[in-house]
């Protein structure tokens, strides 16, 4: 069996996989990535376009500039991909991979737009998990969870 690296959106409407292990994991701090992810930075990893395939659904595309396309799920809005128009490389959001732990960022891009306090985030105190702080709330969330599991499924939505 050929090893693949798969991922997808939060609801499961879009699934993808790489046929070669993605590489060049990095954080992008540019303002476009901050806005596209609604976050302090975009964690990305990728591979050549021929190693990337959408296995369920269709990536909705937003051109954030004349040179860049950003893919997302039309159903749930999850940011999924970044590619240069006509380029040979496809990057995906590390968090959308089924195993994001396997792709620690190796460098940072767009550092001139880095929010000044981002470097201090690792110093913040950890809050106890919701299962400890509010077990009833955690149980209610678990019972009503609509998030797709971190693996491919035969159908969507999963029954």
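The values are calculated or read from the model by the stated rules, or taken from the named source; none is laboratory data. Remember, it's a predicted structure, so these values are computed and weren't measured experimentally. Because the Cβ atoms are built from the backbone with ideal geometry, glycine has one as well, and the counts that use them run over all protein chains shown.
Looking across 7, 12, 46, one residue alone is out of contact with any strand residue (DSSP E or B) (no Cβ under 7 Å at 6 or more places or on another chain) and either buried (at least 18 other Cβ atoms within 10 Å of the Cβ) or part of a strand (DSSP E or B) (or both). It is 12. Looking only at residues of region 23-43 that are under 13 Å from the mean Cα position of the chain (by Cα) and over 17 Å from residue 116 (Cα atoms), we find that the one that is surrounded by the most Cβ atoms within 10 Å (Cβ to Cβ) is 43.
Here residue 122 meets the list (1) out of contact with any helix residue (DSSP H, G or I) (no Cβ under 9 Å at 6 or more places or on another chain); (2) outside any helix (DSSP H, G or I); (3) surrounded by fewer than 17 Cβ atoms within 10 Å (Cβ to Cβ) almost entirely, failing just condition (2).
Restricted to region 72-117, the set of strands (runs of 3 or more DSSP E) holding at least 3 residues that are crowded, with 17+ Cβ neighbours inside 10 Å and modelled with pLDDT of 95 or more comprises 79-84, 89-93.
Contact map, region 1-19: residues that are modelled with pLDDT under 95 paired with residues that are crowded, with 21+ Cβ neighbours inside 10 Å, Cβ distance under 7 Å, separation 6+ or inter-chain. Pairs shown: 4/18. Taken over region 54-71, the criterion of being in a loop (DSSP other than H, G, I, E, B) and surrounded by 15 or more Cβ atoms within 10 Å (Cβ to Cβ) is satisfied by 57, 59.
Which numbered condition in (1) surrounded by 13 or more Cβ atoms within 10 Å (Cβ to Cβ); (2) within 16 Å of the chain's Cα centre (by Cα); (3) within 19 Å of residue 14 (Cβ to Cβ) is the only one that residue 51 fails? Checking residue 51 against (1) surrounded by 13 or more Cβ atoms within 10 Å (Cβ to Cβ); (2) within 16 Å of the chain's Cα centre (by Cα); (3) within 19 Å of residue 14 (Cβ to Cβ), the one that fails is (2).
Listed here are the residues, each with its yes/no results for (1) within 24 Å of residue 122 (Cβ to Cβ); (2) touching a helix residue (DSSP H, G or I) at 6+ places or on another chain (Cβ under 9 Å).
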position: 7; (1), (2): no, yes
position: 11; (1), (2): no, no
position: 18; (1), (2): no, yes
position: 41; (1), (2): yes, yes
position: 55; (1), (2): no, no
